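K.L.:
I have a structure here, written as structure tokens, and I will follow up with some questions on it.
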Amino acid sequence: MMIADDNNEPLHPDLIPRDHAEAMRRFEAVRSLDHVALAELEKQDLLLAWWSFCWLEAALHPDDVEVWPEEVADALPLAAETFRRYEAGEIEDGEYYPAEAVRHRILHERVKGS
């Protein structure tokens, strides 16, 4: 899975939330949607919410959704729809596995903690 180009620039900078507030806004926009509404979202809107959730919960991995804690149960429909589209080939590896967002969150926390 390719994460960044040779210049170490993110491949999907528009999907990375700037901060906690932006990540929360993006996730909250889809948090209460049912599976039908999630399926009708444009790809970009789905990915904005997905990457934001992954930014907020950087310790969780998409492959481990079956063992995610109860506290994030409201994200399971988003995870299911994102996985459905990934399996259907509508979302690429680098979009489904948002390592760039997780890395940005870690850097954000380091700067904040300095």
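K.L.:
For the stretch 83-103, which positions are assigned to a helix (DSSP H, G or I) and either in contact with a Pro (Cβ under 9 Å, 6 or more places away or on another chain) or of a type in the set (K, R) (or both)?
P.N.:
F83, R84, R85, Y86, Y96, E100, A101, R103
K.L.:
Would you check which residues across the stretch 48-82 are in a helix (DSSP H, G or I) and among the aliphatic types (A, V, I, L, M) and list them?
P.N.:
L48, A49, L56, V65, V67, V72, A73, A75, L76, L78, A79, A80
K.L.:
Can you tell me which of (1) touching a helix residue (DSSP H, G or I) at 6+ places or on another chain (Cβ under 9 Å); (2) loosely packed, with under 11 Cβ neighbours inside 10 Å is the one L15 doesn't meet?
P.N.:
Here L15 meets the rest and fails (2).
K.L.:
Turning to a different aspect of this structure: How many of the residues making up the stretch 27-64 are surrounded by 14 or more Cβ atoms within 10 Å (Cβ to Cβ) and closer than 22 Å to V111 by Cα?
P.N.:
9
K.L.:
Quickly run through the stretch 100-114 and pick out the residues that are surrounded by fewer than 17 Cβ atoms within 10 Å (Cβ to Cβ) and among the small types (G, A, S).
P.N.:
G113, S114
K.L.:
Can you pull out every residue in the stretch 65-86 that is buried (at least 16 other Cβ atoms within 10 Å of the Cβ), closer than 21 Å to L41 by Cα and of a type in the set (A, V, I, L, M, F, W, C)?
P.N.:
Scanning the stretch 65-86 gives A75, L78, A79, F83.
K.L.:
Tally time: how many residues in the stretch 85-114 are among the basic types (K, R) and touching a helix residue (DSSP H, G or I) at 6+ places or on another chain (Cβ under 8 Å)?
P.N.:
Going through the stretch 85-114 one residue at a time, the tally reaches 2.
K.L.:
Answer with yes or no whether G89 is more than 20 Å from V30 (Cβ to Cβ), exposed (fewer than 14 other Cβ atoms within 10 Å of the Cβ) and either of a type in the set (A, V, I, L, M) or at pLDDT 95 or above (or both).
P.N.:
yes
K.L.:
Any residue in the stretch 46-69 that is without any contact (Cβ under 8 Å) to a residue 12 or more places away in the chain and farther than 14 Å from A29 by Cα sitting within a Cβ distance under 8 Å of a residue that is assigned to a helix (DSSP H, G or I) and not charged (D, E, K, R)? List the pairs, counting only those 6 or more apart or interchain.
P.N.:
W68/A75; W68/L76; W68/A79
K.L.:
Check whether at least one residue in the stretch 30-39 is of a type in the set (D, E, K, R) and outside any helix (DSSP H, G or I), and report yes or no.
P.N.:
Yes, the stretch 30-39 contains at least one residue that is of a type in the set (D, E, K, R) and outside any helix (DSSP H, G or I).
The values are calculated or read from the model by the stated rules, or taken from the named source; none is laboratory data. Everything numeric here is computed off the predicted structure, so don't read it as measured data. Note that each Cβ is placed from the backbone with ideal geometry, even for glycine, and that neighbours are counted across all protein chains shown.
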